[in-house]
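Report on one structure; see the data block that follows.
The values are calculated or read from the model by the stated rules, or taken from the named source; none is laboratory data. These figures come from a predicted structure and were not determined experimentally. Positions of Cβ are generated from backbone atoms using ideal geometry, with glycine treated the same way; all protein chains shown enter the neighbour counts. Heads up: the accessible areas ignore ligands, DNA and RNA and are worked out on the full protein's heavy atoms, side chains in. Shrake-Rupley method; radii C 1.70, N 1.55, O 1.52, S 1.80 Å.
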Amino acid sequence: WLSVLLLAAIVVSHALTAVMACMALGALVLAGVRGARRLLPIAVAMTAVWDLTFARPFTGQNLAQTLATVHLPWETTSANLSSRPALAPDQLLVAHVSRLATVAIIALAAIGAVQLLRSRRLDPALAVLAVAPVLLFAAGNYDGELLFRIVLFAVPFMAFLGAHAFDVVPRLVRTPLTAASVLVVLGLTLFPYYGDERTNYITPQEVTAARW
């Protein structure tokens with residue numbers, strides 16, 4: 001019942017997260033997770049009922065536009081990435097570091113998944129949940145933020161996998177190596193997290209102009 005209540009809260013609060021929940025549950029069903037078999041039809045039914053009733057004014061106006069932005073994954077990826085000529089040097093630096101941080105997290109997750117697979121400890125449900133957000137490419141461009149959403153939904157599970165990246169390393173080396181990797185990823189993450197501060201800053205003159 002708690003899972004049903006959480007699904008209800010998701011459905012009524014954020015459309016894309018509701019779609020992701022349905023996709024994730026579907027992936028868990030394919031992975032053989034029994035508990036997901038009951039939740040999947042409930043999540044799909046909740047999402048459909050909400051979209052056809054209370055959210056109909058929004059979905060009715062935006063459904064056609066959303067479907068029109070559904071393209072092949074590499075086309076959506078290209079559309080979501082900022083073009084170099086349009087960026088200032090400092091913005092370009094933030095963009096590069098942001099992509100590097102994402103690649104680093106994915107690489108650690110892949111290494112961790114391989115280590116768990118070799119030791120026969122890889123949970124199929126965990127692997128499926130880390131990959132399932134890629135299915136969101138079928139949800140359209142999402143105003144140029146789809147790649148960000150895909151990474152956002154996958155990061156918790158990739159982080160868990162990445163924590164096992166150095167399982168085969170000797171214990172004396174494992175701790176400092178893990179700490180160093182965490183610090184590197186954290187340092188890279190600070191760039192995208194604080195990189196838009198100058199863009200989002202509103203000067204006192206702009207506030208005065210807006211009031212005037």
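Is segment 143-153 home to any residue that is over 20 Å from LEU16 (Cβ atoms), part of a helix (DSSP H, G or I) and open to solvent by less than 90 Å² (accessible area, probe 1.4 Å)? Within segment 143-153 (the criterion being over 20 Å from LEU16 (Cβ atoms), part of a helix (DSSP H, G or I) and open to solvent by less than 90 Å² (accessible area, probe 1.4 Å)), the answer is no, since none of the residues qualifies. Of all residues in segment 82-100, those that are of a type outside the set (S, T, N, Q) have Cβ atoms under 8 Å from Cβ atoms of residues that are open to solvent by 80 Å² or more (accessible area, probe 1.4 Å) and modelled with pLDDT of 85 or more, 6 or more apart or on another chain, in LEU93/PHE191; VAL94/PHE191; VAL97/PHE191. I want to confirm something. Restricting to segment 81-103 and keeping residues that are among the polar types (S, T, N, Q) and modelled with pLDDT of 65 or more, which single residue is most open to solvent (accessible area, probe 1.4 Å)? Across segment 81-103, the extreme among qualifying residues is GLN91. Could you list all residues from segment 5-20 that are under 22 Å from the mean Cα position of the chain (by Cα) and either farther than 19 Å from VAL151 by Cβ or open to solvent by 20 Å² or more (accessible area, probe 1.4 Å) (or both)? The answer is LEU6, LEU7, ALA8, ALA9, ILE10, VAL11, VAL12, SER13, HIS14, ALA15, THR17, VAL19. Checked against (1) closer than 21 Å to VAL97 by Cβ; (2) modelled with pLDDT under 90; (3) of a type in the set (A, V, I, L, M), ALA138 meets all criteria but (1). For segment 131-159, what are the residues that are over 21 Å from VAL185 (Cβ atoms) and aromatic (Phe, Trp, Tyr)? If the condition is that a residue be over 21 Å from VAL185 (Cβ atoms) and aromatic (Phe, Trp, Tyr), then PHE137, TYR142 are the ones that fit. Would you pick out the residues in segment 36-64 that are surrounded by 12 or more Cβ atoms within 10 Å (Cβ to Cβ) and either among the acidic types (Asp, Glu) or farther than 17 Å from ILE10 by Cβ (or both)? Passing the criteria: ARG37, ASP51, ARG56, ASN62, LEU63. Tallying residues that are among the hydrophobic types (A, V, I, L, M, F, W, C), open to solvent by 70 Å² or more (accessible area, probe 1.4 Å), outside any helix (DSSP H, G or I) and in contact (Cβ under 8 Å) with a residue 12 or more places away in the chain within segment 164-203 yields 1.
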